[in-house]
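The values are calculated or read from the model by the stated rules, or taken from the named source; none is laboratory data. Since the structure is predicted, the reported quantities are computational estimates derived from the model, not experimental observations. Cβ sites come from the backbone with ideal geometry, for glycine too, and all protein chains shown count toward neighbours.
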Amino acid sequence: MVKPIATLRSATGVPTGRLAVWWVIASEIVIFGGLLGAYLLHRLGHPEWATYASHTNTWAGAFNTLVLLSSSLSAVLAHNAAEKGNGARAANLLLVTCVGALTFLVVKGFEWTHEIQEGFTITANGFWSFYYCAAGLHGLHVIAGAIIMLFVAADARKNQELQRVELIGIYWHFVDLVWIFLFPLLYIAK
Amino acid sequence: MAESHAHDAHAHDHHEEGWFKKYFWSTDHKMIAKQYLLTGMLLGAVGAYFAYVFRMQLAFPNKPVPGYGLVTGADYNALITNHGAVMIFWVAMPVLIAAFGNFLIPLMIGCDDMVFPRLNRLSYQIFLVSAIVLGASFLVEGGAFGGAWTAYPPLSAKAEYNLTPLGPSLWLIAVALEFVAFLLGGINFVTTAMNSRAPGMKAFDIPMAVWMIVIASILFMASVGPLIAGAFMLLFDQLLGTGFFDPDRGGDPVLWQHLFWFFGHPEVYVVLLPALGFVAEIITTFSRKKLFAYKTVLYTTIGTGVLSFFVWAHHQFIAGIDPRMANVFTVTTVLISIPIAEMCFVYIATLYGGSIRFAVPMLWALAFIAEFLVGGVTGIYLGASGADIYFHDTYFVVAHFHYTFFPIAIIGTFSGVTYWYPKMFGRHMNELWNKVHFWITIVGFNGIFIPLFMLGASGDHRRIFDYSNFPELATPELQQLRVFATVSLLVMLAIQPVFLINFFYSMFKGKKAEANPWNANTLEWQCPSPPPHGNFAVLPEVYRGPYEFSAPDRADDFWPQNSPT
């Protein structure tokens, strides 16, 4: 498909794709903001939720934080490679980021299995409802980000649409950042 | 050079399209605009039919309604719920923002398409799916959702209460899909308007309609997030048995009201602003005058947008919120009438001293100002928490918001459609029949809702489907007002086919329209009617603002934005 001239113009000086990603992130911030705001208000009104929160696995959460932050590093390196026009290297680095996403999800899978077996399901009480909602919504973003990254990597390998390496990187940092909020709120605060 | 090359390739694409690709799978912004417009009009007919059925039940209780049959209590609830939801989410939003946004933004800023044409197509398709899901909710066991368009828990959360086990979930999924469609569309609109303007078009050269649609899209993006989160929480309450909104299990039903109205009130301005934008375009063109205080309008709009995030709890004055909080929200609510009043004054000042021509779009635009004013003024009664305790959930509220939403969604749409019809379809509508349609619609509308103000002030509660069980409300005086409102509705509905026939007949048989039939300045009038694929033969450059009418030293009383001299 031929891109319209509209797509190629840049009256603000910011490339169109990057501008759009920032707007996507702005609308996502409000979605997570609404959910976390509701959680915080409930948490303040229910001191007993601290005891429920003590059953979360802080070490698994900390490990996943490390994994996500490292995967952001490879996303930055991919951007760097794309800037230099090295599409193949950018594609490989994006795949490394995808491995990070997969590791994150596997750890989450073990965590959730264990918690559900202990009886801490989404209907157990308010804390666990928010826990599964917030972490689940974030998990969906990890999955979506990884899938998009595979498409971007496939293009980048052919040295096409290299600007998209940066765009998926921006999105990936946002996914990281959300986790940086979730980790203390759901795991550390006890 | 690169621009003209891409342009040729684009025009070439056009000739190879088949019927399906042209009308259903198109990425052309004008076709997507028409898809949104026609879908919105179809759903508007559905919403009007719902209103017809429940107004007949209110005027002539427990008699079979022609074209429907006997209305049960459950039917009544489903009809009012979906009337509200359809008219706001599936008529006002797709027509005012999506249809006109898609059609106008690329044409008015002088480029060939939206920045993301395929995202645009996806946005319409998700919207279409959402409408189908909503329709499906009428066919499932227990029937459609009947807990009001605001969907307050616990009524909306528990099937034991609402007796519709599947309807509420399908309704919520439909609403959430609709939000996704408009988020995609909104990102496209904002990015296009920011980045793809014609060379020379600076911030204050942008036509007001574009500014308004863009600001509305940003308001939507900034307000809808919490409700998307809330919709999933409510869905989990319904389907999985969580207790987010269940006080027995540590939840809070008022939380839903906060999440809903944090979106719901900015939403009023999301649909209001595009209509205000159309009115600005129309009154300048038909009074041949510069828009009075362009920058004031713009800053006022932005101010209204910001303030609209701080008024939501005026919907909850009797929901058990802290009275001190109610005071704060009373102040912010009354404050927001200032910028809106200012907007009305600015428009009236634009008319002052102009050479006014009462063409059909102008009639609609003037009606918009007059009718919306009534909606705004009655809002002050409801914004004051003391008065609201009496008026809450009466027909006074119903009449108030119809005096805001009808001018926005119906009058605003008619003003836009009649103004841009020659550009959309390359032909004129019949002016005489349009005027007949205008007058009967306006008189009918006032005939519906003035009695409802009186009913509401008499204490008529809005959630009752058969007043014969309430002796103090079943008096002949009040019943007469209900019958008057319903008869007015029948008159108003009876004239709408005249518009529809005019709309579709003129598409093929109307008088051919030239490129700039109204002698307007904005860029969409500087390309052929209807614009071809790619819009402009040569992409325009912009030399001045959009409202340079009646410039002293010129022979013409208009001065197109792209004219170098």
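The figures follow:
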| read-out | value |
| --- | --- |
| Of all residues in region A:9-34 being in contact with a Ser or Thr (Cβ under 8 Å, 6 or more places away or on another chain) and assigned to a helix (DSSP H, G or I), the one that is nearest to the other protein chains (Cβ to nearest Cβ) | A:30 |
| Filter result (touching a helix residue (DSSP H, G or I) at 6+ places or on another chain (Cβ under 7 Å) and not small (Gly, Ala, Ser)) within region B:528-543 | B:530, B:531, B:533, B:535, B:539, B:540, B:542 |
| Yes/no for residue A:5 being surrounded by 15 or more Cβ atoms within 10 Å (Cβ to Cβ), at negative phi and in contact with a His (Cβ under 9 Å, 6 or more places away or on another chain) | yes |
| Verdict on residue A:83 being within 30 Å of residue B:197 (Cα to Cα) and of a type outside the set (Gly, Ala, Ser) | yes |
| Selection count where residues are surrounded by fewer than 19 Cβ atoms within 10 Å (Cβ to Cβ) and without any contact (Cβ under 8 Å) to a residue 60 or more places away in the chain, scope region B:404-439 | 2 |
| Residues satisfying the stated conditions in region B:351-375, i.e. more than 19 Å from the chain's Cα centre (by Cα) and surrounded by fewer than 22 Cβ atoms within 10 Å (Cβ to Cβ) | B:351, B:352, B:353, B:354, B:355, B:356, B:357, B:358, B:359 |
| Complete set of residues in region B:246-290 that are among the basic types (Lys, Arg) and either more than 14 Å from chain A (Cβ to nearest Cβ) or buried (at least 23 other Cβ atoms within 10 Å of the Cβ) (or both) | B:288, B:289, B:290 |
| Test set (1) assigned to a helix (DSSP H, G or I); (2) more than 22 Å from the chain's Cα centre (by Cα); (3) not β-branched (Val, Ile, Thr) - residue B:155 fails condition number | (1) |
| Test: residue in region B:225-235 that is at the interface with chain A (Cβ under 7 Å from one of its Cβ atoms), touching a Ser or Thr at 6+ places or on another chain (Cβ under 8 Å) and part of a helix (DSSP H, G or I) | yes |
| Answer residue from region B:54-86, given it is aromatic (Phe, Trp, Tyr) and farther than 16 Å from residue B:448 by Cα and is surrounded by the fewest Cβ atoms within 10 Å (Cβ to Cβ) among those | B:68 |
| Residues of region B:196-207 that turn out to be assigned to a helix (DSSP H, G or I) and either buried (at least 24 other Cβ atoms within 10 Å of the Cβ) or among the aromatic types (Phe, Trp, Tyr) (or both), as a count | 1 |
| Boolean, residue A:169 is of a type in the set (Gly, Ala, Ser), under 29 Å from residue B:235 (Cβ atoms), within 12 Å of the chain's Cα centre (by Cα) and at pLDDT 95 or above | no |
| Residue in region B:481-489 that is modelled with pLDDT of 95 or more and farther than 15 Å from residue B:60 by Cβ present | no |
| Single unsatisfied condition, residue A:8 versus (1) closer than 28 Å to residue B:186 by Cβ; (2) modelled with pLDDT of 95 or more | (2) |
| Qualifying residue in region B:189-202 (condition: farther than 30 Å from residue A:19 by Cβ and of a type in the set (Lys, Arg)) | no |
| Filtered residue count, region A:38-74, keeping only those that are among the charged types (D, E, K, R) and either more than 14 Å from chain B (Cβ to nearest Cβ) or surrounded by 20 or more Cβ atoms within 10 Å (Cβ to Cβ) (or both) | 0 |
| Residues of region B:413-471 that turn out to be touching a strand residue (DSSP E or B) at 6+ places or on another chain (Cβ under 7 Å) and in a helix (DSSP H, G or I), as a count | 1 |
| Single unsatisfied condition, residue B:473 versus (1) of a type outside the set (S, T, N, Q); (2) under 23 Å from residue B:66 (Cβ atoms); (3) touching a Phe, Trp or Tyr at 6+ places or on another chain (Cβ under 6 Å) | (2) |
| Helices (runs of 4 or more DSSP H) contained entirely in region B:42-139, each with at least 1 residues that are within 14 Å of chain A (Cβ to nearest Cβ), out of contact with any Lys or Arg (no Cβ under 9 Å at 6 or more places or on another chain) and of a type in the set (D, E, K, R) | B:117-136 |
| Count of residues meeting criterion [among the hydroxyl-bearing types (Ser, Thr, Tyr) and either over 14 Å from residue A:26 (Cβ atoms) or more than 8 Å from chain A (Cβ to nearest Cβ) (or both)] in region B:181-197 | 2 |
| Selection status of residue B:401, closer than 25 Å to residue B:503 by Cβ and either of a type in the set (A, V, I, L, M, F, W, C) or in a helix (DSSP H, G or I) (or both) | no |
